[in-house]
Amino acid sequence: MIPVILSGGSGSRLWPLSRGQKPKQFLRLVSDKTMVQETLLRLSGLAGLKAPIAVCNESHRFLMAEQLLAIAIKPAAIILEPTGKNTAPAVAMAALSAASGDDILLILPADHVITEHDVFHKAVVEASVLAEMGFLVTFGIVPSEPDTGYGYIRRDNTKQGIAFNVAAFVEKPDLDTAKQYLQSGEYFWNSGMFVFKVSSFLQELEKFNPEILAVCRRALQAAKVDADFVRIDKDIFSTCPADSIDYVIMEKTDKAVVIALDAGWSDVGSWSALWNIADKDAFGNAISGDVLTVDTRNSLIYAESKLVATIGVSGLVVVETKDAVMICSKDRLQDIKEIVAQLKVLKRSEALLI
């Protein structure tokens, strides 16, 4: 099995800590390791793993290489995307880079948290058995609340071992719909993690979007290899359609199955998600850095370089970095992207650099 680490996200909802040149997957958000390091280290103990393939933005190549070196992991390749084209092309390039069509790929976003490693390992092993049979396996996160921030996977009642056939992928719902999903027991959060055989994936990609496969094949054939780096041809890759695995394959194939996963998963997609999984004091505050509080409740306070003090507040996210301070009500965190958009329009460095 080959782990494939997808590291194309920008993490803008975690601004001002996450920036364009150093997005969340390269940050230490939940431990003394970065999220991309945690993604690989949690695989320790799984039998039969080959060297991983990482797919990342070209501008992040040294971050990726340095962080893998720091945990003594030698990648089979670091594939450098000249521009982001979503997950289907990224996985296609990894699949085309594999040595054999019989190899099994374990597709993992680089910026997720999974706390129960044993449960995750068991699910991966079960998924690999199904992948050997030709199924395309995804992991559906057992929902703990009616969350409107995730896409959902609906299962049908037909089972393949412990997995269910996929009935549908559905977009992010409104709150009432999410409550119905939770009550039905037929819906899971879409994790964006997959297990499948190289040949099975490429066969389905050829069937449903041969253009993506053809462009990725040409771009990879024209790539320049520099040590671990595989520099994808920019001119060719720029012509590739941009689409997700879900849309291109998983919504259309009759080989898609979903394994229910309840393993302490979070995509840490926002400050509220980070607050949810963080250790908290007796008043519900998640605190990091040099922070003093008086009558402060249910807040996240992050101090990077200065003392931050809060008095008489509740339900806030306060984040201080060396060049920015962000104060936001927890119920308005989705609007952080509007600040990032303003910074980009103004061409301010705070959007990219830290």
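The values are calculated or read from the model by the stated rules, or taken from the named source; none is laboratory data. Everything numeric here is computed off the predicted structure, so don't read it as measured data. Ideal geometry is used to build each Cβ from the backbone, glycine not excepted, and the neighbour counts take in all protein chains shown.
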Meets criteria (touching a Gly at 6+ places or on another chain (Cβ under 6 Å), closer than 30 Å to V142 by Cα and either of a type outside the set (F, W, Y) or assigned to a helix (DSSP H, G or I) (or both)) for S191: no
Residue in the stretch 278-289 that is of a type in the set (D, E), surrounded by 15 or more Cβ atoms within 10 Å (Cβ to Cβ) and either modelled with pLDDT of 95 or more or in contact with a Lys or Arg (Cβ under 8 Å, 6 or more places away or on another chain) (or both) present: no
Check on V129, buried (at least 22 other Cβ atoms within 10 Å of the Cβ) and assigned to a helix (DSSP H, G or I): no
Output for the stretch 243-272, where each listed residue is touching a strand residue (DSSP E or B) at 6+ places or on another chain (Cβ under 6 Å) and either without any contact (Cβ under 8 Å) to a residue 60 or more places away in the chain or among the acidic types (D, E) (or both): D246, E251
Residue within the stretch 171-194 that is among the basic types (K, R) and in contact (Cβ under 8 Å) with a residue 40 or more places away in the chain present: no
Residues of the stretch 147-168 satisfying the condition of being at pLDDT 95 or above and either touching a Leu at 6+ places or on another chain (Cβ under 8 Å) or outside any strand (DSSP E or B) (or both): A163
Matching entry among C216, C240 (being over 29 Å from S270 (Cα atoms), part of a loop (DSSP other than H, G, I, E, B) and either in contact with a Gly (Cβ under 6 Å, 6 or more places away or on another chain) or in contact (Cβ under 8 Å) with a residue 40 or more places away in the chain (or both)): C240
Qualifying residues in the stretch 195-213 (those that are touching a Pro at 6+ places or on another chain (Cβ under 8 Å) and in contact (Cβ under 8 Å) with a residue 60 or more places away in the chain) - the one surrounded by the most Cβ atoms within 10 Å (Cβ to Cβ): I212
Residue count for the stretch 169-187, restricted to those that are in a loop (DSSP other than H, G, I, E, B) and touching a Lys or Arg at 6+ places or on another chain (Cβ under 8 Å): 1
When residues of the stretch 309-354 are limited to those that are of a type in the set (S, T, N, Q) and either touching a Pro at 6+ places or on another chain (Cβ under 8 Å) or closer than 17 Å to G289 by Cβ (or both), the one surrounded by the most Cβ atoms within 10 Å (Cβ to Cβ): T310
